[in-house]
Amino acid sequence: MAMILADKTWQRLRRIPPSYLVFAALLLTLWVLRPHMMNPNILGIFIRQIVPLGILVLGQLLVMRVRSIDLSGGGVILLINYYISSGLFPGASMMTFVAMAIATGLVIGTFNGVMIAKRRVSAVIVTLAVSIVLVGFVQYLSSGKPPGDVPAMFAALYNTKLLGIPTPVLLWIVLTLLMSLFLARTVFGRAVASVGENLSAAHFSGVAVERTVIVAHILAGLMAALAALVQTASIAVGSVRVGLDLPILAVAATILGGVVFGRGEGGVWGPFFGVLSFALLFILMTTLGVDEPGKLIIQGFIILLAAIFYGVRSAKP
Amino acid sequence: MKPSYLKWLLGQGSRQGLWSLPLFIALAIALGLSLTTQQFTSTGNLFNLITQAMPLIITAIGQMFVILIGGLDLSVGSVISLSTAILALGGPAYVLIPAVFLLAALIGAVNGLVVTRLNVHPIIATLSMQYIVLGVTRILRPVSGGTVPDIVIASVSGTLLGIPLPVFWGIAVLLLSWKLLHGARFGLHLFAIGGGIASGMEKVAHNFGVAERRNILLAYVTCSCFAALAGVFLAGRIVSGDPNVGLLFELDAITAVAIGGTQLSGGVGSLHGTVIGALVMALLANGMNLTNMSPFIQTTVKGAILLLVVGLQSRKKMGL
Amino acid sequence: DEVNLLDGVTARAEGNSTVEAGKFKKDPPWVIGMSHFGVNANTWTVQVAHESKAAAAKDKRISKFILLDAGFDQKKQVADIEDLIAQKVDAIIVQPVTSTSADASIAKAVAAGIPVIVHTGRIETDAFTTEIQGGAEHFGKVMGDFLVKELGGKGNIWVLRGLAGHPEDTNRYNGLLQSLKGTDIKIIVEEHGDWQYDKTKKVCETLYLNNPQVDGIWSSGADMTRACVDVFKQFGTPIPPISGEGNNGFFGQWIKDGFKSISAEYSPSQGAAGIRAAVALLEGKALMKHYDYNPPGWDLEKVKKYYREDLSANVWWPSELTEEQLKELYGVK
Amino acid sequence: MASLVEMSNIAKAFGGSIALKSVSLALTPGSVHALMGENGAGKSTLMKILAGVHQPDAGEIRIKGERVTFARPKDAIAAGISTVFQELSLLPNLTIAENMFLGREPTGWLGTVDYPTMNQLAERALAELGLSLDPRTLVADLTIAERQFVEIAHGIKADANVFILDEPTAALNAADVEKLNRQIRRLRDAGKAIVYISHRMDEIFAICDTVTVLKDGELVGTKPLAQMTPDRLIAMMVGRELKDLFPPRATELGEVVLDIRDFRIDAAAKSFSLSLHKGEIIALAGLEGQGQQKLLRALVGLFQPAAGTVSKGGTTLPLPASAASGIRRLQAARIGFIPEDRKDEGLFLGLPVSHNITMALHAGRPSLALAKPYQREIAETLASLQVKSAGSEAPVASLSGGNQQKVLLGRYLAADMDVLLIEEPTRGVDIGAKSEIYKLLRRFTAKGGAAIVLSRETIELIGLCDRIYVMHANTLVGEMPAREATEHRILDAALVA
Ligand SMILES: Nc1ncnc2c1ncn2[C@@H]1O[C@H](COP(=O)(O)OP(=O)(O)OP(=O)(O)O)[C@@H](O)[C@H]1O
Ligand SMILES: Nc1ncnc2c1ncn2[C@@H]1O[C@H](COP(=O)(O)OP(=O)(O)OP(=O)(O)O)[C@@H](O)[C@H]1O
Ligand SMILES: [Mg+2]
Ligand SMILES: [Mg+2]
């Protein structure tokens, strides 16, 4: 019995996603090298910087658990940023913009979902193409009207705090909690796990497979829209270009968090700490004054080492 | 025999994926361009087109090898940049060119080892490799410049019997990759491994006695070496080393592979499809230039056509 | 007679040569092609495209103006120039993506008898016909000299650089190093903000929280200055002297918050200057091979004259767009 | 005669669970050796060790007296051991020939794979098994029985001395089994050693010479089959006498629960009707591929018939049903469908047993509802089916084949359906468990349920069911009470039509 118990603890230990380890290691390093930064206020500001990625990851992990992927987040963020900053809708209230953003996210998510689940086209390519179309659409619009300022109210809200926590960070935590409860406690969560594990078995169990995949994508679109709102509020100014690397980073954070295509051992908090690890890594390297090539190399090695550590530990016997 | 030929054309009853549709689209674009512009069909432009498409064709073929085993290599863009940086170090070609390929093979081998022996997801393994290689490239060559060996430049810009050399590059690359994919057991084993992975039977090929890990490793090495080859070609074209020349090229390569009907979940795909996919992308770029399309709408048009191509490629199974 | 390409642009004094009159003379109508390094990189690059198009549209002898966008892709720029040659345009304007990648294709164009005008980015060979170069070193030095003067030759500064690996970034930075030579000013941190607002804001927040003690900030321009100023405002601390570039949003901020700054000039109308150079060559006028664009920096007085409250943050000054075009593109209600 | 292969004192544990404790087995050339035991007894594990898939924790393997270790399957193949694994393991994206020759492709000039030769050899190998399949067909396009045959052809085509056949007949009908037996006899006569694993008693007695019985990972004994009777063999396996394999049939039937009217499989087929009563189990019998499976699959929308309606209780559902929602529509009407391919269509191999059992229960509720724990249902199902697993949180993949089948059945029994449509109720299930499953199905019908069953084992249909419909050429050609049915009568009915 003791042996079996020990075995179970070991099993569980082996499943700790690499992101927890990286996060702990980086936090420790920061604490040793820059103890004055270990202050909740300062950390709050740092975490706030990464919130858009964090929210995007919530959608990414959901679609990855149903063996899909969403690379359209960059385009959604750019489009929403554009129409908030372009002045194309003079006098629109903040709530109007929020509603428009959410509607955009839902429409794009639905489109992605239907293309992937109903038409069965390649998820990588269809979402990448959607992103390209959206970026292109913004470029087209900006030839008639380049983007300008973001209404001041967004920045004002971005800088508020609730319960001593920066509002964007609180939003992220709440969304993560909701997503975690949603996946762990609802019937939909079971459907997601089933579809990810075996699509036809899910079908034969009576799971509405296509609907599950579509809903996952709709939620991912919604998350991208929320990420866009936070991102827009944080930058106060319009842009014609966002990094296409944002969705790839979201995928990386998700995998580091222990969620891969079809499997979700890291749950929702694994990717959460994956995102936090990226934030800490950035801060650590910036405060240590690592130069650009050095940053790239260190970043590469840390992600790789964490993944190797996890990979070796969880290798099947 | 006849019906199976038709099936082959439609990509059915085989593992080649849906490549006939992109072929049709490529032909449609080409036809449209030759009707609407005078320059498109000029030999000069057609040779331009081949030259312009070559780096993508080469990189995409390499990428296809890892995609066939359900993998992905995000480090190819950095490998391309690194290759140009090394070639521009200044030195004899007979040292630099082997060095480029050795290094690329090493990078591919590390990718492959990390994926197969250390059990790391390919996206993570190759993304970290992308960062590391880009960092090293930036140290080697912080900004573009340097001198590329003359032979490299000549091999890209010269002609033989009045035919531009890139045409011969194309023929050589096709012969090499045809041999690897269809002429050797290697290619068949990649299909086997990929088919197993795609249908959730990871160990089946292994149980059949296929050296699974070694072949996966070799696929990553192949991919990296093809990227290096594209790097050599590009170095000859931009006549310098450049730390950013391969930036985001991995996405273009993956897109080209997918447009050609290869499935990202592994086990289904074809060489001709990949070449067609790369040609669709090159035709789009060339066509938009020739029709003087405003740069502000080019991205939309490119995205829309991609969307159209994949939108029509509906498959049986859901997936990446 | 002298051709006036742009205010502040002068023929280089040393090592210059003349493009003889009549060498590229051609009867109108003309087709002019332009290979832009990346239209949609940021709002400045967008404006260059608009300024170029507007200048071409103004000249009725130009029957067609073809603007190709390399999207910061070296490979694509090579292809773009090849495609322009294939279309047999009468002149090609090139904004090179890097200092070497387009050299071979530029030489190809010249060999095909097409004059090539290079601007907003140097290339390493002399293969072009004529060039107008806003000196990136000069730009960086104007900013650096300002800091040296403000700090009295000593102190600790942050350096905010643009896109790593981009020649413009390196050259502006080299200009700064020239200014700092022989002073006691120390660069305590050096970070790349990629000329973008969002990345720079993260960088500045991190730098500030790590160590707020800084005497001055050298920012390589674009949207980075605004981002960094916003960070200091957010923490409610005095804004140290910081360099900037001619952007309407930054101007408004500078006027409102009254910190110490300088605006280095790098006009998007260089796009128009390129068109004028092409026209001059096709008209058969004599041009010099090298033109420099090394204007002095702007102080608050000059900035106040240009600032337009009724336009959005993303206009770059000085501009040659007409009042209507400005209103249409950048007007805010 | 000297042993060709000697496995002695083999032990193997997976994590904490012990699969084999000191098992020995000797194989002699020219003999067919049956390996028997309940589900999870360790048969497949023992054979996987011999095939190089698993490495033993203790014990040794000798071939012709020489000690060998197999680090990987390739080593075992090289030592002349060829295996047909229990779980279907062909690669769907390769052709028949490619699958058959994978890892040992004939090569020609410059190492090029010699496809013409390969296809020719494959075609010949298939022909020997009486199959006329084009070797260039993708395995994905084959039926499950065809795949099984390709797998067997692959196994016995190898240039090997030892052939392991792990439940090769689970997806075959009687006629196909006879084809296979001919090949096995041929191999035996050629002096090869053959290991034959099956849960079908008749096959064992028809073809094997020796039997080794395993129980809970331990060796019970090895006996010549000539000295055995089925009852003694069962007693050896199960540890007790099995009195009645089949439970008593229904004594009285309730009203009609499921009524299939004017059903026409395709335009060319004759239409027919059939009905199912409460408390009844009916069978669809006949030769392979005569429309039995199409009928069942048409009800869930996986096959599009030409015409027909199906009604349950008061509601009538027109056919064809939609492929996307057919299953859910049926489940909403409390009709469950249990697919035959448990690995691809049935189970979530990587997920816990509990998830596998409860998913159909969850699926019947709204997406946003809180998922119920269903602890009682899980415990009851595991207990009543006697599933052997390391707890309800163990992944199903770690269960033996037969236990996996029980979990699959358990899902639909737990889902509280009125009618079950079952493609293969006991595929790969040991005799003890079979009898349990039959009892469970009877208990299910006794409580008012009803079932339609397909099976390749005609004996099973006769023993388990109340009524047998015989199908031929996509239509019904006969109906008889199971009480009066014999294999012969069924075959007659199918052929006379
Ligand atoms: N998918 C797999 N799952 C588990 N073990 C594997 C797998 N693939 C390979 N192995 C094990 O790895 C070892 C080598 O496998 P393989 O023959 O596929 O690669 P290889 O490169 O030829 O190896 P080596 O270099 O050791 O000869 C063997 O011990 C084999 O059992
Ligand atoms: N890969 C594995 N991981 C963990 N446990 C395993 C694994 N493979 C088998 N087992 C366990 O080992 C035991 C023996 O399984 P095995 O597959 O050998 O049974 P079997 O005799 O072939 O049964 P069946 O007749 O059902 O096929 C079972 O308890 C099973 O759960
Ligand atoms: Mg080996
Ligand atoms: Mg077994």
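Structure notes:
- By DSSP, the beta bridges lying fully in chain D are antiparallel in about 55 percent of cases.
- A P(r) calculated from all alpha carbon pairs of the stretch D:5-242, with 5 Å bins opening at zero, reads 1, 6, 14, 18, 19, 16, 12, 8, 4, 1, 0, 0, 0 percent.
- Electrostatic bookkeeping for residue D:496 treats Lys and Arg as +1 and Asp and Glu as -1; over the other residues with beta carbon under 14 Å from its beta carbon, the sum is -1.
- Helix-only mean residue ellipticity at 222 nm for chain A, each DSSP H run of n ≥ 4 adding -39500 (n - 2.57), per residue, nearest 500: -24500 deg cm²/dmol
- Of the residues D:391, A:45, C:167, the one whose Cα sits farthest towards the positive end of the charge dipole of the protein assembly as shown is D:391 (charges of +1 on Lys and Arg Cβ, -1 on Asp and Glu Cβ, taken about the Cα centre).
- Within chain A, the selection of entire DSSP H helices by a Cα span of 20 Å or greater along the long axis and an average Kyte-Doolittle value of at least -1.0 returns A:18-33, A:40-65, A:94-113, A:123-144, A:167-185, A:209-235, A:269-287, A:292-313.
- The label-point distance for residue D:69 and residue D:189, in a model that sets each label 7 Å from Cα toward Cβ, rounds to 4.2 nm.
- Long-range Cα-Cα pairs in chain C (distance over 33 Å), rounded percent: 28 percent
- Note that chain D carries a Kirkwood radius of 23.9 Å, evaluated over its alpha carbons pair by pair.
- For the residues B:124, B:86, B:297, a GNM of chain B with alpha-carbon springs under 10 Å puts the largest fluctuation on B:297.
- Packing-based ranking, highest mean first, of A:106-114, C:93-101 given that Cβ atoms within 10 Å are counted: C:93-101, A:106-114
- Estimated D of the stretch C:138-228 in µm² per second, where Rh is the Kirkwood radius over Cα pairs and Stokes-Einstein applies at 20 °C, 1.002 mPa s: 166 µm²/s
- Averaged over B:248-258, number of beta-carbon atoms from partner chains that fall within 10 Å: 4
- Contour excess over end-to-end distance, with Cα ends at residue D:244 and residue D:22 and 0.36 nm allotted per residue: 76.6 nm
- Simple Cβ-charge dipole of chain A, Lys/Arg +1 and Asp/Glu -1, about Cα centre, in debye nearest 20: 720 debye
- Only DSSP H runs of four or more residues enter the estimate; each adds -39500 (n - 2.57), and after division by the residues of chain B the mean residue ellipticity at 222 nm equals -23500 deg cm²/dmol.
- Size of the C/B contact, given as accessible area buried on both chains, probe 1.4 Å, in Å²: 2400 Å²
- Label-to-label distance, residue B:93 versus residue C:183, with points set 7 angstrom from Cα along the beta-carbon direction: 4.9 nm.
- Estimated at the nearest 10 Å², the accessible area of residue D:353 is 0 Å² with a 1.4 Å probe.
- Chain B gives an Rg/Rh value of 0.97, both radii derived from C-alpha positions and Rh following Kirkwood.
- In summary, the stretch B:129-195 shows an alpha-carbon radius of gyration equal to 1.67 times the 2.2 N^0.38 Å reference for compact globular proteins.
- A:82, D:374, ranked by accessible area, largest first (probe 1.4 Å): D:374, A:82
- The value of relative contact order for chain D, using C-alpha pairs under 8 Å at least six residues apart, is 16 percent.
- For a label point 7 Å along the Cα-to-beta-carbon line of residue B:178, residues of the stretch B:272-287 with backbone N under 15 Å: B:272-276
- Extension reserve of the residue A:153-residue A:312 stretch, reckoned as 0.36 nm per residue once the Cα distance is removed: 52.3 nm
- DSSP-defined beta bridges in the protein assembly as shown - what % are antiparallel, rounded to 5: 45 percent
- Pairs of Cα atoms nearer than 8 Å and 6+ residues apart set the relative contact order; for chain A it is 37 percent.
- Alpha-carbon centroids, the stretch D:276-296 and the stretch C:157-231: separation in whole Å: 78 Å
- Listed residues A:309, A:46 arranged by accessible area, highest first, probe 1.4 Å: A:309, A:46
- Residues residue C:23 and residue C:64, FRET efficiency given R0 of 22 Å [Cβ-Cβ distance, rounded to 0.05]: 0.50
- When nucleic acids and ligands are ignored and a 1.4 Å probe is applied, residue D:14 ends up with an accessible area of around 80 Å².
- Once the C-beta distance of residue C:112 and residue A:88 is scaled by a Förster radius of 41 Å, the resulting FRET efficiency is 0.40 to the nearest 0.05.
- The stretch C:1-53 and the stretch D:91-113 have Cα centres lying 63 Å from one another.
- Beta bridges by DSSP in chain C, antiparallel share as percent, to the nearest 5: 15 percent
- Prolate/oblate/rounded label for chain A (Cα gyration tensor, a/c 1.5): oblate
- Gyration tensor analysis over the Cα atoms of the stretch C:171-269 returns equivalent ellipsoid semi-axes of 19, 18, 13 Å (largest first, whole Å).
- Rounded to whole Å, the principal axis extents of the Cα atoms in the stretch D:256-496 read 51, 40, 31, largest first.
- Separation of alpha-carbon centers, the stretch B:155-191 and the stretch A:97-159, rounded to whole Å: 40 Å
- Dividing the convex hull volume of the alpha carbon atoms of the stretch B:37-134 by its residue count gives 136 Å³ per residue.
- Each Lys and Arg Cβ is given +1 and each Asp and Glu Cβ -1; about its Cα centre, the protein assembly as shown then shows a dipole of about 2120 debye.
- Accessible-area value, residue D:66, 1.4 Å probe, nucleic acids and ligands omitted, Å²: 130 Å²
- Hydrodynamic radius of the protein assembly as shown per Kirkwood, over alpha carbon pairs, in Å: 35.2 Å
- 17 Å cut-off, amide nitrogen to a point 7 angstrom out along residue B:147 Cα→Cβ, residues in the stretch B:92-118: B:92-97
- Estimated from the Cβ-Cβ distance and a Förster radius of 60 angstrom, the FRET efficiency linking residue C:10 and residue D:369 is about 0.20.
- Selection from C:21, B:157, D:90 lying farthest towards where the dipole of the protein assembly as shown points positive, charges on Cβ: D:90
- List D:344, C:73, ordered by accessible area with a 1.4 Å probe, largest first: D:344, C:73
The values are calculated or read from the model by the stated rules, or taken from the named source; none is laboratory data. Fair warning: this is a prediction, and the values are worked out from it, not measured in the lab. Here Cβ is always computed from backbone atoms with ideal geometry, including for glycine, and neighbour counts include all displayed protein chains. For accessibility, only protein heavy atoms count, side chains too; no ligands or nucleic acids. Shrake-Rupley method; radii C 1.70, N 1.55, O 1.52, S 1.80 Å.
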